[in-house]
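Chemist: First, the structure itself, so that you have it in front of you.
The values are calculated or read from the model by the stated rules, or taken from the named source; none is laboratory data. Bear in mind that the values here come from a model prediction, so they are computed numbers and not experimental data. Note that each Cβ is placed from the backbone with ideal geometry, even for glycine, and that neighbours are counted across all protein chains shown.
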């Protein structure tokens, strides 16, 4: 997807956990293990982006974990809050603001999106140690936090 702005974009990262395992993909272009996710498009909100990216990249339907304040009224719609936010450099002149969600699957089975990823894998905490290439420190930290927090 083209960037929405030359300097910064907003993205979602979704750490899907099922029975003590987190779902990761080996990104074809970047050669890294990452959570499901991608850019938030102009015609969607962060929740919609999270659901769309997970569906496109794994065929799963999910439930986002998080609080939705009771503030929906005419003209305002409350969204599930992301668990974390970060900003990460993509190039010398471009950054992503990442909305990091935890989720659990509610339907479907994980399938590889071969045009985007080389592999898809459910990983226990122990499995995270053996991934090649190794996880970045941030992705590993988020995986462990999701494994601790998301219960069946």
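Chemist: Just the residues that are within 17 Å of the chain's Cα centre (by Cα), in contact (Cβ under 8 Å) with a residue 24 or more places away in the chain and in a loop (DSSP other than H, G, I, E, B), please, taken from segment 74-107.
Modeler: Answer for segment 74-107, where residues must be within 17 Å of the chain's Cα centre (by Cα), in contact (Cβ under 8 Å) with a residue 24 or more places away in the chain and in a loop (DSSP other than H, G, I, E, B): 79, 80, 82, 83.
Chemist: Now, a different point. Kindly indicate the residue of segment 115-143 that is without any contact (Cβ under 8 Å) to a residue 40 or more places away in the chain and under 23 Å from residue 51 (Cα atoms) and also surrounded by the fewest Cβ atoms within 10 Å (Cβ to Cβ) among those meeting that condition.
Modeler: Selected residue: 141.
Chemist: Continuing with this model, one more query. With the structure loaded, tell me whether residue 49 is surrounded by 12 or more Cβ atoms within 10 Å (Cβ to Cβ) and farther than 19 Å from residue 10 by Cα or whether it fails that test.
Modeler: Judged against the criteria, residue 49 is not a match.
Chemist: Would you please name the residue that is farthest from residue 139 (Cα to Cα), looking only at residues in segment 33-73 that are assigned to a loop (DSSP other than H, G, I, E, B) and within 12 Å of the chain's Cα centre (by Cα)?
Modeler: Let us first name the residues in segment 33-73 that are assigned to a loop (DSSP other than H, G, I, E, B), namely 35, 40-45, 59-60, 66-72.
Keeping just the survivors that are within 12 Å of the chain's Cα centre (by Cα) gives 35, 40.
Numbers: 35: 8, 40: 19 Å.
Applying the filter and picking the extreme gives 40.
Chemist: Assess whether residue 104 counts as being at pLDDT 95 or above, crowded, with 16+ Cβ neighbours inside 10 Å and closer than 28 Å to residue 7 by Cα. First the steps, then the outcome.
Modeler: Details: at pLDDT 95 or above: yes; crowded, with 16+ Cβ neighbours inside 10 Å: yes; closer than 28 Å to residue 7 by Cα: no.
When the stated conditions are applied, residue 104 does not pass them.
Chemist: Does residue 38 satisfy the condition of being in contact (Cβ under 8 Å) with a residue 12 or more places away in the chain and loosely packed, with under 13 Cβ neighbours inside 10 Å?
Modeler: Values: in contact (Cβ under 8 Å) with a residue 12 or more places away in the chain: yes; loosely packed, with under 13 Cβ neighbours inside 10 Å: no.
The answer is no for residue 38.
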